[in-house]
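Since the structure comes first, as structure tokens, the remarks are kept for the end.
The values are calculated or read from the model by the stated rules, or taken from the named source; none is laboratory data. Just so it is clear, the structure is predicted and the values come from calculations on it, not from any experiment. Neighbour counts run over all protein chains shown; Cβ positions are idealised from the backbone, glycine included.
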Amino acid sequence: MKVVSINNLSKDFNGLKAVDNISFSVEEGDVFGFLGPNGAGKTTTISMLVTLLKPTSGDAFVNGFNINTEKDGVRKSIGIVFQDPSLDEELTAYQNMDFHGRLYKIPKEVRERRVLELLKLVELDNRKNDLVKTFSGGMRRRLEIARGLLHEPKVLFLDEPTLGLDPQTRNHIWEYIQKLNERKKTTIILTTHYMDEADRLCNRVAIIDHGRIIAVNTPQHLKESIGGDVITIRTHDGSRLLTIVENAKWVTGAKEHDGHVTLNVKDAEEDVAKLITLLGDKKIRIMSVTINKPTLEDVFLHYTGNTIREEEMTGTDAVHMRYHMWQSINRNK
């Protein structure tokens, strides 16, 4: 059953197309990921789905409710954890949860039971009476996720859930997200620019770049779609190397980026010998060679011609887009 359905959705900010005619759907119980660089349109898409932003064109349905005409139904169906912190630091963990439950008019007995259950789920039950200002970044993130689940939403939106956290804390957050999806059967839609996060958590991934959906599938199918193994070569003359190898029969794809040439081949162990012989004959000096199975980074490179890091928007562009987005959100309040 489709719990989220998006049809030709677009959003413009004063001529800047942040989201460009995207369509996809999310099945109930899935963990669905938006993977793309900062400024690709991930947060703008989420903001439209949770009714904070009005689309320029197109429509979408969340739990059967139209985001344009049935906003109250959408809002009752969702939980949200945005990038920016929204906890009250002068309240305890329990008080933050309790206040949220009151806003949703959850009866007292039900509210108290759910608060304790969710604090235990994210392993904060022993800190329930501590002020949030004493919490680490990871603890605050876990509390925000627990709070987003308090009213038992059909869909939980997580916008860059581990941004700025250290690797160990990121792994803990991933465990909690997997646990709540398994236990609560909650549909989760998350945005990320971390390849390993999308690969580990998501049943399906949409690669988004410059506001457009480039590809949608399971992480495994996306990696299989570019075929075989990946050989990455660093040399002083990448352009000449690319010209030499891109027509070789054993090369299924070739890209030059950031001083490297990446080749897709069927059998790297066999083909790397051919490669070294070929480049030796052409007097091209190899500085380094690495071999690996395809990753989502390779998939992104294959479909866009750049790595996610290379696609990151400039600080000025990112600030410009966020400024116009929050202007639009404030007008819709």
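Observations on the structure shown:
- Of the numbered criteria (1) in the same structural domain as GLY280 (by TED's automatic domain parsing); (2) closer than 30 Å to VAL110 by Cα, the one LEU190 fails is (1).
- Failed criterion for LEU163 (all others in (1) within 18 Å of THR295 (Cβ to Cβ); (2) in a loop (DSSP other than H, G, I, E, B) hold): (1)
- Members of the range 57-92 that are modelled with pLDDT under 95, surrounded by fewer than 19 Cβ atoms within 10 Å (Cβ to Cβ) and among the β-branched types (Val, Ile, Thr): none
- Every pair of residues 6+ apart whose Cβ atoms lie under 6 Å, when the first sits in the range 39-64 and is under 17 Å from LEU158 (Cβ atoms) while the second is buried (at least 24 other Cβ atoms within 10 Å of the Cβ) and charged (D, E, K, R): THR44/LYS11
- In the range 125-133 there is no residue matching the filter, namely being on the phi > 0 side of the Ramachandran plot and in the same structural domain as VAL62 (by TED's automatic domain parsing).
- Single residue of the range 260-288 satisfying the filter (among the charged types (D, E, K, R) and assigned to a loop (DSSP other than H, G, I, E, B)) that is nearest to VAL299 (Cα to Cα): LYS266
- The single residue among ILE231, ILE177, ILE244 that is out of contact with any strand residue (DSSP E or B) (no Cβ under 6 Å at 6 or more places or on another chain), surrounded by 15 or more Cβ atoms within 10 Å (Cβ to Cβ), of a type in the set (Val, Ile, Thr) and within 22 Å of GLY280 (Cα to Cα) turns out to be ILE244.
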